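Structure first, then comments.
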Amino acid sequence: MYQIAKTPFSEMIVRISDMAWIPMVEANSDYQAYLAWVAEGNTAEEWTGA
Amino acid sequence: MAISSGLGSSALLPAGLGFRNVLINGGFDIWQRGTSAAFTTSASTSFLADRWSGYRGAAGSTQSRVSAGLDGFQYAMRVQRDSGNTSVFRQYIGTSLETSTATKLANKPVVLSFYARAGANYSSASNGLNVLLSSGTGTEANGVHVNFTSATSVVSTVATLTTSYQRFTYFATMPATSSQLLVQFDFAGVGTAGADDYFEITGVQLEQNYQPTPFEQRPYGVELALCQRYFQRLLNGADHGNEMVVTVQATGSTGGYGFKALLMTMRTAPTLTSSQSTDAFLCKSAGGNNLFMNAMTFDLSTPRSFLLVIGVASGLAAGDASIVLANSVTAKIDASAEL
């Protein structure tokens, strides 16, 4: 499960299982996994904080 | 020393010269994440030894660093079905290469070599260890967890292990088009695992060549630097108590930002994680007060740097500089740009 965090200067994806902060960069394999998760019909909600 | 003209023009140097081995950490010297962990089905948690990713579709197996017990090597990777485990799911370990490396090997003769031995209770059929060198034509990816595009099994065979180390060597020619590359080993256990149902492997080398050369032992610092293109443990409280993370500038009484340069340029903008908890990190304010951090997040991840965003309950003053320190053996910050 993922959430989208509005950070001070940009946005990042937060992987909730391990609180990993994932940049929205095509070559990042964790971002690719996020995109695959979205392609399965899932939607990331706004990050609610740690 | 003359360079064999038969190998043709290449940025990869032939026998006798350095950097023959295109695999990183083939001697299993670098273990930034730790030295023992269970296999998982998740790509994001599959790495333990640097550059080596594991996979098993069931619980009950472990990858770990062990003393090699082999002249010329300090460590080996042990892939073990835990004692009493009855699952026959395969256990895979593999290392995937970037397109920048795969393309240089396209249409070239290569030799894959490694040392391996079995534990006393190794249960794989006929003591077999599956060996795979796979090439694909798609975007660089972790081949242990992702199917390659138009995958070609350049080497696909079974090595027969004994309880003593043997060196295995395999010869092949890479496909004319190669942008994905994987070296992988796996076995499936049979029956109920005994105490020593494992194989150990080290000295894994893939080189552009017509014949195998001795495993290339690169200096530790060189191998570590190669690994840090893909993963960096930027702080480890278990190794260095009170290791400083970064200097931050407070933006108010409860938080601030700090710029952190990565140890070297990474493959891509990394995923960032921390072990932030109540007392894992400490913020020493400009006034000298020790403030427990209650938040650590990240921003502006690039291959060269990122921004650390911290939070405390109170006690900072906007504009002041403060220091963020490890305060626990559990404190760690990781940057991962793995395939």
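Can you classify the protein assembly as shown as rounded, prolate or oblate using the Cα gyration tensor, where a ≥ b ≥ c are the square roots of its eigenvalues, rounded means a/c under 1.5, and otherwise it's prolate if a/b beats b/c and oblate if not? If you can, show how the numbers build up before the last one.
Working: a/c = 1.91, a/b = 1.71, b/c = 1.12.
It is prolate, given that a/c is not under 1.5 and a/b is the larger ratio.
Using only protein heavy atoms and a 1.4 angstrom probe, determine the accessible area buried between B and A, summed over both sides, in Å² to the nearest 100. If you can, show how the numbers build up before the last one.
Values: alone 13960 and 3470 Å², together 15990 Å².
Chains B and A together bury approximately 1400 Å².
Do any residues of the range B:269-285 show a loss of at least 50 square angstrom of accessible area between the isolated chain and the full protein assembly, using a 1.4 Å probe, and if so which?
Residues losing area: B:271.
Return the single residue from B:317, B:172, B:188 with maximal mean-square fluctuation; model: Gaussian network over chain B, springs between Cα atoms under 10 Å.
B:317
Find which of B:324, B:238, B:85 sits farthest along the positive direction of the dipole of chain B, computed with +1 on the beta-carbon of Lys and Arg, -1 on that of Asp and Glu, about the Cα centre.
B:85
Grab the Cα-Cα distance for residue B:321 and residue B:90, subtract it from 0.36 nm times how many residues apart they are, and report the gain in nm with one decimal. Intermediate values should be presented prior to the final figure.
Details: separation 231, 0.36 × 231 = 83.16 nm, distance 5.22 nm.
Contour length minus the Cα-Cα distance gives 77.9 nm.
Shape of the range B:291-339 from its Cα gyration tensor (a ≥ b ≥ c, root eigenvalues): rounded if a/c is under 1.5, otherwise prolate when a/b > b/c, or oblate?
On the way: a/c = 2.67, a/b = 1.53, b/c = 1.74.
Oblate shape, in that a/c is at least 1.5 and b/c is the bigger or equal ratio.
Find the centroid of the Cα atoms in the range B:161-239 and in the range B:242-275, then give the distance between the two in whole Å.
So the two Cα centres are separated by 32 Å.
Rounded to the nearest 20 debye, what is the charge dipole size of the protein assembly as shown about its Cα centre when +1 sits on each Lys and Arg Cβ and -1 on each Asp and Glu Cβ?
Working: 22 positive and 27 negative charges, 127 e Å.
For this selection, approximately 600 debye.
Roughly to the nearest percent, how much of the accessible area of chain B is carbon and sulfur, given a 1.4 Å probe? List each step's numbers first, then the result.
Details: 6730 of 13210 Å².
The computed percentage sits at 51.
Report the FRET efficiency, 1/(1 + (r/R0)^6), for residue B:304 and residue B:190, where r is their Cβ-Cβ distance and R0 is 56 Å, rounded to 0.05.
0.70
For the range B:117-264, what is the charge dipole size about the Cα centre, in debye to the nearest 20, if Lys and Arg each add +1 at the Cβ and Asp and Glu each add -1 at the Cβ?
Working: 6 positive and 10 negative charges, 48 e Å.
Taking the Cα centre of the range B:117-264 as origin, the dipole is about 240 debye.
Mind running the shape call on chain B? Use the C-alpha gyration tensor, a ≥ b ≥ c as the square roots of the eigenvalues: rounded below 1.5 for a/c, prolate if a/b tops b/c, oblate otherwise. Don't skip to the end; give the middle numbers.
Numbers: a/c = 2.38, a/b = 1.65, b/c = 1.44.
Prolate shape, in that a/c is at least 1.5 and a/b is the bigger ratio.
Is there a quick way to get the dipole size of the range B:193-266? I mean about its Cα centre, with the Cβ of Lys and Arg at +1 and of Asp and Glu at -1; what is the value in debye to the nearest 20?
Working: 4 positive and 8 negative charges, 112 e Å.
Charge dipole of the range B:193-266: 540 debye, to the nearest 20.
Could you state the accessible area per residue of the protein assembly as shown in Å², with a 1.4 Å probe and every protein chain left in place?
On the way: 15990 Å² over 389 residues.
With all protein chains present, the protein assembly as shown gives 41 Å² per residue.
Using DSSP to define loop residues, name the GluC sites (Glu not before Pro) in chain A whose beta-carbon has at most 11 other beta-carbon atoms within 10 Å.
On the way: sites: A:11, A:26, A:40, A:45, A:46; in loops: A:26, A:40.
Listed in order of number, the matching sites are A:26, A:40.
For chain A, which whole percent of the accessible surface, found with a 1.4 angstrom probe, sits on carbon and sulfur atoms? The partial results should precede the final answer.
Details: 1490 of 2780 Å².
Heavy-atom surface of chain A belonging to carbon and sulfur, 1.4 Å probe: 54 percent.
Simple spin-label model, 7 Å along Cα-to-Cβ: residue B:67 to residue B:156 in nm?
4.0 nm
Report the gain in length on full extension from residue B:173 to residue B:139: 0.36 nm times residue separation, minus Cα-Cα distance, nm rounded to one decimal.
Here the segment from residue B:173 to residue B:139 would lengthen by 10.2 nm.
Buried by at least 30 Å² relative to the chain on its own: which residues of the range B:29-63 qualify, computing accessible area with a 1.4 Å probe on protein heavy atoms?
In the range B:29-63, residues shielded by partner chains: B:44.
What's the tally of Lys pairs in the protein assembly as shown whose alpha-carbon atoms lie under 25 angstrom apart, where the two lysines are 8 or more places apart or on different chains? Kindly include the intermediate steps, with their values, before the conclusion.
Values: A:6/B:260; A:6/B:332; B:260/B:284; B:260/B:332; B:284/B:332.
Lysine pairs meeting the criterion: 5.
With labels modelled as points extended 7 Å from the Cα through the Cβ direction, what inter-label distance (nm, one decimal) is found for residue B:33 paired with residue B:292?
Inter-label distance under the simple model: 3.0 nm.
Note down the accessible area of residue A:15, probe 1.4 Å, to the nearest 10 Å².
Its heavy atoms expose roughly 20 Å² to the probe.
The values are calculated or read from the model by the stated rules, or taken from the named source; none is laboratory data. Bear in mind that the values here come from a model prediction, so they are computed numbers and not experimental data. Note that we place each Cβ from the backbone using ideal geometry, even for glycine, and neighbour counts take in every protein chain shown. Surface areas here come from the heavy atoms of the whole protein model, side chains and all, with no ligands, DNA or RNA. Shrake-Rupley method; radii C 1.70, N 1.55, O 1.52, S 1.80 Å.
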